[in-house]
Amino acid sequence: MKKTLRKPLFRPLSICLALLLNWAFLSGVQAQTTVVQWNFNSPTPDANTATGTTTPSTGTGSLTTVGGTTASFASGDASGGSTDPATGDDSGLGITAFSAQGTGDKTRGIEFSTSTTSFQSLTVSWDQRFSNTAPNLARLQYSVDGGVTYLDTPVAVTATSGDTWFNARSVDLSAITALNNLAVVRFRILAEFSLPASSPNSYAAAGPTATYGTTGTWRFDMLTVRAASFVAPQPDLTVSLSAPVSATLNQPFNYSLVVSNPGNANASGILAQFELPAPTSLTYSSATEASGFTASQTGSIITFSGGSLTAGTSTTLTINVTPIITGNVTSGTALVDPSNTVAESNDVNNSAPAVTVNVGVAPVGQMRITEYAYDGAGTGGEFIELTNVGTAAVDLTGWSFDDSSRQPGSFAIGGLGVVQPGESVIIAENAANAFRTAWYLPATVRVIGGNDQNLGRGDEINIYDASNALVDRLTYGDNVAGVGGPRTQNISAWTMPGNLGANTVTNWQLSTVNDAQHSYASVSGNVGNPGGYNVPLNRVIVRESGNTTNIAEGGASDTYTMVLNSQPTADVVVTLASGSQLATNPTTLTFTPANYNVTQTISVSAVDDNVVEGIHSGIITHSAISSDAAYNGITINPVSVTITDNDVAVGTSPTIAVASTTTAYLSASAVSGIISDPTDPARTLGIDFIINDTDTPVSSLSVTASTNNTSVVPTANLNLTGNDASRNLKITPTGIGYATITVTVTDGSNATSYVINYAASAASTSTSRFHTGSSDASTAVDAGGGYMLVADDENQVLRLYNRTNSGLPVNGFDYTSSLGLTDISGGVPREVDIESSVRVGDRIYWLGSHSNSSGGANRPNRSRLFATDVVGSGASTTLSYIGRYDGLKTDLINWDVNNGHGLGANYFGLQASAATGIAPEADGGTGFNIEGLTIAPDGTTGYLSFRAPISPASNRTKALIVPVTNFTSLVSGNPSNTLATFGAPILFDLGGRGIREIKGNGNGQYLIVAGPSGGAGADPNAFKLYTWTGNAADAPVLRAADLSGLSGTSGSSSIESIVEVPASLDETSSIQFVLDNGDQVFYNDGTIAKELSQNTFKKSRSDYATVGAAILPDLTSILSTLPSTVYATSPVTLVMDVFEVNNVATSGPATVYITKDLLVSLSFDQTATFVGGKMVQNSNWTFDAVSNKNFYVLTTTQPIGPKGKESVGLTGVLSPGNTKGSLTLSSLVVGGNELNITNNADADKIDYFNK
């Protein structure tokens, strides 16, 4: 905000007097006195009301007519009289000769003036008589500029009748502070057009039935100006002290001092102090300065000096400390203005009491192997259970598992996320959802499936953290001499807590049902307790006799049982849904806290119909409702029932098949829908079927559709239409989860069914589209005609999707065999991890991340740049392979190591960042990961844009772009042997973020998605959108785009790509983004999308955001001069603090102009770090005292960072000669491409005296 002079112009003679005066002012207890009054009576009573005077009866002032009115004296007693107490000689001032009708609005009346020196809070009052034909509206105006300008007051006097006095009319002007303490204030009372006017621009007569006339009269009496004594505004400084209630040993925390100025004047030169606790209890680290305060330490006292606060503002100063003992640590007090050097209205509120912080030992997380099985029946066989047996959460991002080969990064387990104390997670060989089903696990138990480092009978379990350090190891082998341990085939092994982490497998024991580990039998009969170490998990266990349920129409029934694994806090009601083919008894089960462990039996029988179905099946699903949150909605295994038919076929059975007219966006056998998606193809287009029967007319066939899970798709939401041989089914979901949808055609005797496996996910925004068949979208390119090509970082398939419609791709192009992939796992090449792409004409360049695995293992397949040519557009787009280059990573490292950029060898540290063992998302932006690629404005240079490393290696604050000058020629072979050549690197301050996507439109307009080098979160780890010109000399401009809605409907997704940049980009442009949803759980089953066994259930999302207005930096300044009072020839100092307050770095230098004055000569020392006791950065400034005759010119040599500050100090000598007075120095800061220039000026004053 705009600064003003902050040093008080008036110094009170005593603090007590100041306190009393300000108390009276602030509390509203301001007794008014009469400044001036006119009663218009003759100075010497003469019993003649036709005589009088315009000299004030009280006070001093002047009064005259204005605009041509004429004045005379008349009785103040007539027509009821005024409030003048005088009798017999009560004169009033009458005026007449008003303007002609419709002319001269607010030009005729009276004018009076007085002095308000030493007064404030004015009130003007008067008595006024209106004749019948006089104007009925009188407006009071005031002037504070000697009568040059007059302003209306908000209150007018309106006469409602003629020949009547309207007495004690009063206008409160206390809110108009410009009237206070002035040598001359002028007022006018003028005739005004009527409001509302009876006709436009006209006067109304005071008498309701009269006609306005210029000869009408006004008469005034008891014209009075009252006011309160003037009190000079003063600041009021206060301080509060706070700290966290508790802290952790050897972990820093902050004391916060809030210094406030609730007074009505600015304050400068403020000093605040805080006394630290004893040095044996903590160590002082640093202090955060603000509002011009500079911190220093003397012993246990932290002093903040030189601060400035405008009236009504506050600032927070922090002291960072680290406790070195446990227990209660009590600070000293906090003080502001301890020596009373700032004249303020209240000195009794300048301290804050001590605060106490309880220091405890830091909680520590600890992951341990707690259960394992190397083999077993069904899908729940091999697994490893890890449990956090510590007291703090553990983030498994970047962690990995390996067996006896002991290679960190072999199998990434980072998808298990953050593990809370006491929580167990599972590494499984089979898919996660299949493993959960086998062990009745609820969705709350996290499982990562697909482990390809399989365990053997004698093997080893090794768990590595993100730095590849070994966390836990268990070596086992009942068949290995010197190792031993139990044989965990079909039965898991576990050990007591005291044995964990010891790698002594002989202390481990096999699980038995209902042992101390709460073990039980899985669906396939394996015994264990995966997912809950030493605790019974909340789960509903469904057991089928013989692991199957078989029934017959009109014949055999079967049973299965259900029981809870842990005691609920409230009743759990389980409802059974059996569909049209089955009947259950009972249909609901209730488990109470008392009978939760009592097994309940369900009888299942077949519905005996007359339809020939052969051996067919049905599904019984279960849903739980409870006020116990752990069991409410818990996942319960369904029961699949085999039904033997008792009907005999008559003739041939009808047929049903998916028609070729079914949209390419759907695969009928497995369909994924989205709640409320206006383009969900199963909802809007549906599945087309062809039915037939060789011995029954198709018009006589009956077609029905049913669902086994009405909570996901109600029966009423299966919309079956059509006639004869053509039928269409549209599916509209209402709930999240899975359903089996059966379309049955019958001829009355025989029936044939088509089964659709269906999954529905939650609603998103109205502009969201879900592109199915893959979940890990990583980059996208517009293909024209409303289509886009999308790559996936889990494989090498380029999929062609409709940009505006949800559903499957209409085509796909797999280039695995073309890319020379030599890194093989399980017989399959590891992924290229395609992360970026750029289209130049009809050629698209695709770039792998060139990164290590999430565990830091070398992944040579990712070092690929390849190109494809586009043929056609829209849905008919096809691709042809051109060539590849595999040496880009090597070229980049050599360029940096050999100082190819001229900034110094290893300036960017690329070799260290790309080394084996360093994860691409390593802390501090130290990894290696290329996620952006675009073409420079020249059309041939490629811009490689790095998510990591954040650069340079010595100060990781900026995002890196490396131009590849021969980019378009690198893919001429397969692979090409041409070495990449590089241009000058480009570094940008994106708030500590790397580049996650960059794309241009060929017209010198680029969009940059900036994001964290590691995991996303709140600022500074939130995604931001920037625009850029493509020129290295131009800084990107932060935009107001709201990208928070692109973080996924349930989290675990990230922005990966911009589809295209419109040809004309502005702040209203709507941009389509593509997201990676591989780690998102779509179906409330605890399985992340990339681990779903059904590919068509996987999906990536695209959505839109508007570019938004530019968010520019905002500079403000504080100018401080010391000392404030100078005698004779004395040294003076000037310090200029320039702040960036909008959290955006300036795009260039800032320039400060400081006024020159003949009384003082200022000089600049570029080596100075302190001036006038304040810290400055003079080395970051240049000084010019010559080129401008009116100003000293200082310019920063570098941009000012977000919320940054650059200070510069000057010194000089004041030479007043034989004079005394006040010198005001002012400053103005400009430049930096800033948003707001209204807060760029400041000034300070020096009082000087001759001795």
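The values are calculated or read from the model by the stated rules, or taken from the named source; none is laboratory data. Bear in mind that the values here come from a model prediction, so they are computed numbers and not experimental data. Methodologically, a virtual Cβ is constructed for each residue, glycine included, from the backbone with ideal geometry; neighbour enumeration extends over all protein chains shown.
In contact with a Lys or Arg (Cβ under 7 Å, 6 or more places away or on another chain), in a strand (DSSP E or B) and touching a residue at least 40 places away in the same chain (Cβ under 8 Å): does that describe Ser268?
yes
Could you say whether any residue in segment 793-800 is of a type outside the set (A, V, I, L, M), within 27 Å of Ile687 (Cα to Cα) and in the same structural domain as Ile882 (by TED's automatic domain parsing)?
yes
Go through segment 964-982 and give me each residue that's within 39 Å of the chain's Cα centre (by Cα) and either under 23 Å from Pro1199 (Cα atoms) or without any contact (Cβ under 8 Å) to a residue 12 or more places away in the chain (or both).
None - no residue of segment 964-982 is within 39 Å of the chain's Cα centre (by Cα) and either under 23 Å from Pro1199 (Cα atoms) or without any contact (Cβ under 8 Å) to a residue 12 or more places away in the chain (or both), so the list stays empty.
If I go through segment 479-511 residue by residue, how many of them are surrounded by fewer than 15 Cβ atoms within 10 Å (Cβ to Cβ) and over 30 Å from Ser853 (Cβ atoms)?
9
Filtering segment 1113-1132 down to residues that are not hydrophobic (A, V, I, L, M, F, W, C) and not in a strand (DSSP E or B), which residue is nearest to Ser268 (Cα to Cα)?
If we take residues in segment 1113-1132 being not hydrophobic (A, V, I, L, M, F, W, C) and not in a strand (DSSP E or B), then Ser1124 is nearest to Ser268 (Cα to Cα).
Quick check, is Tyr631 out of contact with any Leu (no Cβ under 7 Å at 6 or more places or on another chain) and not in a strand (DSSP E or B)?
yes
Kindly establish whether Asp515 is closer than 18 Å to Ser623 by Cβ, out of contact with any helix residue (DSSP H, G or I) (no Cβ under 9 Å at 6 or more places or on another chain) and among the charged types (D, E, K, R).
So Asp515 does not fit the description; no.
Quick one: would you say Asn899 is part of a loop (DSSP other than H, G, I, E, B) and modelled with pLDDT of 95 or more?
Judged against the criteria, Asn899 is a match.
Take the residues in segment 812-827 that are of a type in the set (Val, Ile, Thr) and over 40 Å from the mean Cα position of the chain (by Cα), then tell me which one is farthest from Gln453 (Cα to Cα).
Once the filter is applied, the top-ranked residue is Thr822.
Looking at segment 146-162 only, could you name the residues that are assigned to a loop (DSSP other than H, G, I, E, B), under 23 Å from Gly61 (Cβ atoms) and not aromatic (Phe, Trp, Tyr)?
The answer is Gly146, Gly147, Val148, Thr149.
Looking at (1) part of a loop (DSSP other than H, G, I, E, B); (2) modelled with pLDDT of 90 or more; (3) surrounded by 20 or more Cβ atoms within 10 Å (Cβ to Cβ), which is the one condition that is false for Pro421?
Checking Pro421 against (1) part of a loop (DSSP other than H, G, I, E, B); (2) modelled with pLDDT of 90 or more; (3) surrounded by 20 or more Cβ atoms within 10 Å (Cβ to Cβ), the one that fails is (3).
Among strands (runs of 3 or more DSSP E) lying entirely in segment 695-779, which contain 2 or more residues that are farther than 17 Å from Lys1098 by Cβ, touching a residue at least 12 places away in the same chain (Cβ under 8 Å) and basic (Lys, Arg)?
726-731
Of the numbered conditions (1) more than 36 Å from the chain's Cα centre (by Cα); (2) of a type in the set (Gly, Ala, Ser); (3) closer than 30 Å to Thr1125 by Cβ, Ala1241 fails exactly one; give the number of that condition.
Single failed check for Ala1241: (1).
Tell me whether segment 983-1001 contains one or more residues that are in a loop (DSSP other than H, G, I, E, B) and without any contact (Cβ under 8 Å) to a residue 24 or more places away in the chain.
Checking segment 983-1001: not a single residue is in a loop (DSSP other than H, G, I, E, B) and without any contact (Cβ under 8 Å) to a residue 24 or more places away in the chain.
For segment 163-263, give me every one of the strands (runs of 3 or more DSSP E) that falls completely inside it and has 2 or more residues that are surrounded by fewer than 16 Cβ atoms within 10 Å (Cβ to Cβ). Can you show your working first?
Working: elements: 164-173, 185-191, 218-229, 238-242, 246-248, 253-261.
Per the criteria, 164-173.
Can you list the strands (runs of 3 or more DSSP E) lying wholly within segment 1179-1240 that have 2 or more residues being more than 27 Å from Thr1167 (Cβ to Cβ)? Break it down into steps so the answer makes sense when it comes.
Details: elements: 1181-1184, 1191-1196, 1205-1214, 1221-1231.
Result: 1221-1231.
Go through (1) within 35 Å of the chain's Cα centre (by Cα); (2) crowded, with 24+ Cβ neighbours inside 10 Å; (3) closer than 24 Å to Tyr1006 by Cα for Thr941 and report which single condition fails.
Failed condition: (2).
When Gly932 is evaluated against the numbered criteria (1) closer than 26 Å to Ala469 by Cβ; (2) buried (at least 24 other Cβ atoms within 10 Å of the Cβ), which criterion, by number, is the only one it fails?
(1)
Wholly within segment 460-578, which strands (runs of 3 or more DSSP E) include no fewer than the required count, namely at least 2 residues that are modelled with pLDDT of 90 or more and closer than 30 Å to Pro920 by Cβ?
Per the criteria, 470-477.
Filter segment 1117-1171 for residues that are touching a helix residue (DSSP H, G or I) at 6+ places or on another chain (Cβ under 9 Å) and touching a residue at least 24 places away in the same chain (Cβ under 8 Å) and give the result.
Phe1164, Asp1165, Ala1168, Val1171
Within segment 1081-1109, take every residue that is surrounded by 17 or more Cβ atoms within 10 Å (Cβ to Cβ), aliphatic (A, V, I, L, M) and not in a strand (DSSP E or B) and give me the one that is nearest to the chain's Cα centre (by Cα).
Val1107
Suppose the filter is in a loop (DSSP other than H, G, I, E, B), at pLDDT below 90 and farther than 20 Å from Leu798 by Cα; does Ala1041 pass it? Reasoning before the result, please.
Values: in a loop (DSSP other than H, G, I, E, B): yes; at pLDDT below 90: no; farther than 20 Å from Leu798 by Cα: yes.
In short, no.
Taking the criterion of being crowded, with 23+ Cβ neighbours inside 10 Å, assigned by TED's automatic domain parsing to the domain that holds Asn955 and without any contact (Cβ under 8 Å) to a residue 40 or more places away in the chain, would at least one residue in segment 1062-1071 satisfy it?
Scanning segment 1062-1071, I find no residue that is crowded, with 23+ Cβ neighbours inside 10 Å, assigned by TED's automatic domain parsing to the domain that holds Asn955 and without any contact (Cβ under 8 Å) to a residue 40 or more places away in the chain, so the answer is no.
Any idea which of Pro1020, Pro1062, Pro1012 is within 30 Å of Ile736 (Cβ to Cβ) and out of contact with any strand residue (DSSP E or B) (no Cβ under 6 Å at 6 or more places or on another chain)?
Sole residue among the options that is within 30 Å of Ile736 (Cβ to Cβ) and out of contact with any strand residue (DSSP E or B) (no Cβ under 6 Å at 6 or more places or on another chain): Pro1012.
Of a type in the set (Asp, Glu) and either surrounded by 15 or more Cβ atoms within 10 Å (Cβ to Cβ) or in a loop (DSSP other than H, G, I, E, B) (or both) - does that describe any residue in segment 1159-1170?
The answer is yes, given that some residue of segment 1159-1170 is of a type in the set (Asp, Glu) and either surrounded by 15 or more Cβ atoms within 10 Å (Cβ to Cβ) or in a loop (DSSP other than H, G, I, E, B) (or both).
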